[in-house]
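I have placed the structure first, in the form of structure tokens, so that the comments after it can refer back to it.
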Amino acid sequence: MVTEHGIKFGVHLITKHFGKIVAKVCEKLFSHGPLTLDQLVRYTDFTKDQVRNSLLVLVQHNCAQAFVSAPQDDDDDADRLRVRTQYLVLFDNIIHRLRFPKFLDIVSRKLDEECVKLLVGLLRDGRLTLKQMVDRESQGKENAVPTKVVRETLCKLLTARFVERCPAPEPVVSTSFKETTTKKRGAKSAKIFEAPETLEQRVVDAAVPGDVIRFSLTANMGSNVDRETNSDDVPMISVEEDVAKEEQILWRANFEEFIRHLRHKVLIENVRTQHDDGTATVLSAVLEATGSVEKKVKMDNSVPLSLDTIITEVMKTDTGRTMTIDRIRASLVQLGCSPSMILEESYSIDLKKIIEPARNEEVESIVLKRYGRDAYRMFRLLAKDCCFHDTDQIAASTLVEKKEASKLLYKLWKDNYLYMEKVGATAGAKQITILMWKVNKPLLWEYVLDEMYHAALNLSLRMAFEQEKDEELLKVPKDKLREPGPLQKKYKRLLNVRLLMGSSLLKLDDALMLFHDF
């Protein structure tokens, strides 16, 4: 679920990148959910062409996905024949626009400069064919860049999974949600309730092709409905036709892979801080070996690996070659994984236990800055214990005066950092009310995330204000700005403000990813 300020920040980013008309269409999709073209025209009061062009912009830049609702059981014959294309806004992809510099940095470290240039084009233009990539690379050059060169660069990005084939334009998706239940052995009617699947997840999953097609440059894959290849069903085509088809396939940046890399980096750095370089090396080796088979970014546990496989991966690094098997085993124990004996000794690391302390530290630092050291100690106690404590217990455990503890706890509760319950008790002949305090982490994480979106929105608006205020200064020739005087001072101030705010926004985005994406 997207928070209130998350939506406002998303709409602000769309306004900044594509203008007010596209942002208005995006806002209506946020507020009303999936809508058809005609419904958007009615809600926005724009012309049909304006809405259609806005949707094309959002789809081109991977900020929206079109889909067709599957016929329902209670639909009549007319409804079953009617095809209604709806449009769904993709919040995560909008916020990922803030992370483009981080994505480019990953590619520059993992691959080469040519791959960075190609990715710049995909991030800037949203979706490109191989032919468009070649045309873009050839701009401003006397001789056109050979298709073979661009193709090789694209292959590198596909092999690393930084680029993927664009999803299906209009997948057919069922919009009805039924409760799924499974029976446990030995129980008559036991039900297992899983986390509810959202419509956005369902649409995205239906649109994404299978991995074989998704990361393959070859046009003639012969894919069937089940996303499998069947050579018997594929008509023979010439090499020329295959190349022509290949040049028309649309490609885009694979945001999922970039977020996975950023998550792995945070996991490794947190383990390095909590433990040592050896334990961080073991975790890095495990994540490197299993990254390609992870089914989603937010994996609670790493994919199980045998001890022999882990040792082989660890030995590939300089630090790993200095480690003995006993030390690797000890590092795995430090990472909180115990061997699960099936056919062989296999290990799975609890990644959730690494992320949670990082979130705790982030919130604790906010409490410390905003409410002081006493409030910080009380909050930390409650966050660590994850259970109810009364005011007297908290005051005694943190060495804070009871009267001051009551004030601070009330402040934290009022600002949504604590959960409070009133419990009735009897003291002699009197009935008294005891206040019980607890940190409700799921609710707190959501509140903190919304606050962070609010801060990111304010910071981004301030950056836009500063740029607009000194817009005339940016039109002054560079030679005059280099001359000593008031103009040079003003220009240096603008550069410093933009640098400070830009770096602050990137740091704030690190915290946003910690609570939303990781």
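Kindly indicate whether Asp49 is assigned by TED's automatic domain parsing to the domain that holds Ser69 and at positive phi. For Asp49, the condition - assigned by TED's automatic domain parsing to the domain that holds Ser69 and at positive phi - is not met.
Suppose the filter is assigned by TED's automatic domain parsing to the domain that holds Arg124 and either surrounded by fewer than 16 Cβ atoms within 10 Å (Cβ to Cβ) or in contact with a helix residue (DSSP H, G or I) (Cβ under 6 Å, 6 or more places away or on another chain) (or both); does Leu287 pass it?
Values: assigned by TED's automatic domain parsing to the domain that holds Arg124: no; either surrounded by fewer than 16 Cβ atoms within 10 Å (Cβ to Cβ) or in contact with a helix residue (DSSP H, G or I) (Cβ under 6 Å, 6 or more places away or on another chain) (or both): yes.
The answer is no for Leu287.
In region 165-200, the residue that is modelled with the highest pLDDT out of those that are out of contact with any Phe, Trp or Tyr (no Cβ under 6 Å at 6 or more places or on another chain), open to solvent by less than 90 Å² (accessible area, probe 1.4 Å) and not in a loop (DSSP other than H, G, I, E, B) is Arg165.
Just a yes or no: is a residue in region 131-141 modelled with pLDDT of 90 or more and closer than 30 Å to Pro34 by Cβ? The answer is yes; a qualifying residue exists.
The values are calculated or read from the model by the stated rules, or taken from the named source; none is laboratory data. Model, not experiment: these values are computed from the prediction. Glycine also receives a Cβ, built like all others from the backbone with ideal geometry; neighbour counts cover every protein chain displayed. Ligands, DNA and RNA are excluded from the accessible area calculation, which covers all protein heavy atoms including side chains. Shrake-Rupley method; radii C 1.70, N 1.55, O 1.52, S 1.80 Å.
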